[in-house]
1. Is there a residue being within 17 Å of the chain's Cα centre (by Cα), part of a loop (DSSP other than H, G, I, E, B) and at pLDDT 90 or above anywhere in the range 62-79?
2. Could you tell me whether Ala220 is free of Cβ contacts under 8 Å to residues at least 60 places away in the same chain, crowded, with 19+ Cβ neighbours inside 10 Å and outside any loop (DSSP other than H, G, I, E, B)?
3. Residue by residue through the range 124-172, note down the ones that are open to solvent by 10 Å² or more (accessible area, probe 1.4 Å) and part of a strand (DSSP E or B).
4. Quick check on the range 305-319. Is at least one of its residues out of contact with any helix residue (DSSP H, G or I) (no Cβ under 6 Å at 6 or more places or on another chain), touching a residue at least 40 places away in the same chain (Cβ under 8 Å), open to solvent by less than 40 Å² (accessible area, probe 1.4 Å) and not hydrophobic (A, V, I, L, M, F, W, C)?
5. Restricting attention to the range 115-133, report how many residues are modelled with pLDDT of 95 or more and not charged (D, E, K, R).
6. Of all residues in the range 257-299, which are closer than 21 Å to Phe155 by Cα, among the β-branched types (Val, Ile, Thr) and either open to solvent by 70 Å² or more (accessible area, probe 1.4 Å) or not in a strand (DSSP E or B) (or both)?
7. Which one is nearest to the chain's Cα centre (by Cα) among residues in the range 81-101 that are small (Gly, Ala, Ser) and part of a strand (DSSP E or B)?
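The values are calculated or read from the model by the stated rules, or taken from the named source; none is laboratory data. Everything numeric in this text was worked out from a predicted model, so none of it was measured. Here the Cβ is made from the backbone with ideal geometry for all residues, glycine too, and neighbour counts use every protein chain on show. Areas reflect the complete protein model, heavy atoms only, side chains present, ligands, DNA and RNA absent. Shrake-Rupley method; radii C 1.70, N 1.55, O 1.52, S 1.80 Å.
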Amino acid sequence: MMVVRPIQAEDHAALRELARKTGPGFTSLQDNDEQVAGKIESALEAFKPNSIPDEALYLFVMEETDTGDVVGICGIEAAVGLSEPWYNYRVGTLVHASRELNVYNQIHTLTISNDHTGYSELCTLFLSPEARHSKNGALLSKSRFMFLAEFPQRFNEYLIAEMRGYSDDKGVSPFWEGLGRHFFSLDFAEADTLSSMDKVFIAELMPKNTIYTNLLPKDAQEAIGKTHEATTPARKLLEAEGMRYTGYIDMFDGGPTLVSRTNDLRAVQESRYVKAHVVDEKTEHQPEGELYLVSTTDFANFRCCMTAVDVFGNHVVGLPKAVADALQITEGTTVRIVPMASGRRF
């Protein structure tokens, strides 16, 4: 049984191990002791009661309840760009035309933007390769929507998610090689690591003027808005929930930024409160069939699982005892529930 819960201080070693597996381009969780320690410290601060920090980082881990192993991590930034700048490129279009010469050209451009300042961000989604099965990735990612639905006062009206951009099998980003390297004189992995610690150098070194993409190498142009192969499933999942690419890309690898109003997300809109009935393993039929996300309403001890349920009208659902135990709930506890798949209703 997998459960998603807030990170705890004792998860440090597990998070450090996950950070060793992420690889180049995964800015928000790198193989760096200082970054890992800082993230845990920030998350523990965010989950303290009786406060709503403007820039809180809510980090969650996926735990295998039978073994206690932590196999995944995900997070939500309450707001980006408030204490340090949040940069990306806005992809635009300029038309160069001449009637006399019978010329009409549409040219794509890149302009430095801080348009997403203050937005909340889905971040730090990573699942160990050995756990990438049985819809665990969907549970890890979508559990955050249940937290957003439960505690909307902690987040912005708008939500973004930066998708990891394309790089080849050697970890080389053609977008970086075609643009960023000319201004930084650094390898992509080194620049990416630096950006995770301090983004000020971006403003200091990147060109301030609009960039015409047709001046970039062909492979760099093709990488604009393109998602890394390992991140494509995560992108499809977020798009199925209502997030969309609107022409903003990462300044380092050209990966797309997805955007949505938080309240427009499918799981936020369709989730409902119900009372839990704990199904007796010996005397009652065990739920089977369609999978649902089920989460608790407790802030500091928020928990989310994926399970089949028995639906008794609109107000009561039957949950397997193993799920109730993982959620740390008892008979009659109020929980939030929504179908795992978009297009489903209950």
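1. First pass over the range 62-79, keeping only residues within 17 Å of the chain's Cα centre (by Cα): 62, 71-79.
Cutting the leftovers down to part of a loop (DSSP other than H, G, I, E, B) gives us 78-79.
Adding the requirement that they be at pLDDT 90 or above leaves 78-79.
For the range 62-79, residues within 17 Å of the chain's Cα centre (by Cα), part of a loop (DSSP other than H, G, I, E, B) and at pLDDT 90 or above: present.
2. Numbers: free of Cβ contacts under 8 Å to residues at least 60 places away in the same chain: yes; crowded, with 19+ Cβ neighbours inside 10 Å: yes; outside any loop (DSSP other than H, G, I, E, B): yes.
Yes: the conditions hold for Ala220.
3. Selection gives Leu125, Phe126, Leu127, Tyr158, Glu162.
4. Yes.
5. 6
6. Within the range 257-299, Thr262, Val268, Thr296, Thr297 qualify.
7. So the first thing to find is which residues in the range 81-101 are small (Gly, Ala, Ser), and the list is 81, 83, 92, 97-98.
Imposing the further condition that a residue be part of a strand (DSSP E or B) reduces the set to 92, 97-98.
Numbers: Gly92: 25, Ala97: 41, Ser98: 45 Å.
Of everything passing the filter in the range 81-101, Gly92 is nearest to the chain's Cα centre (by Cα).
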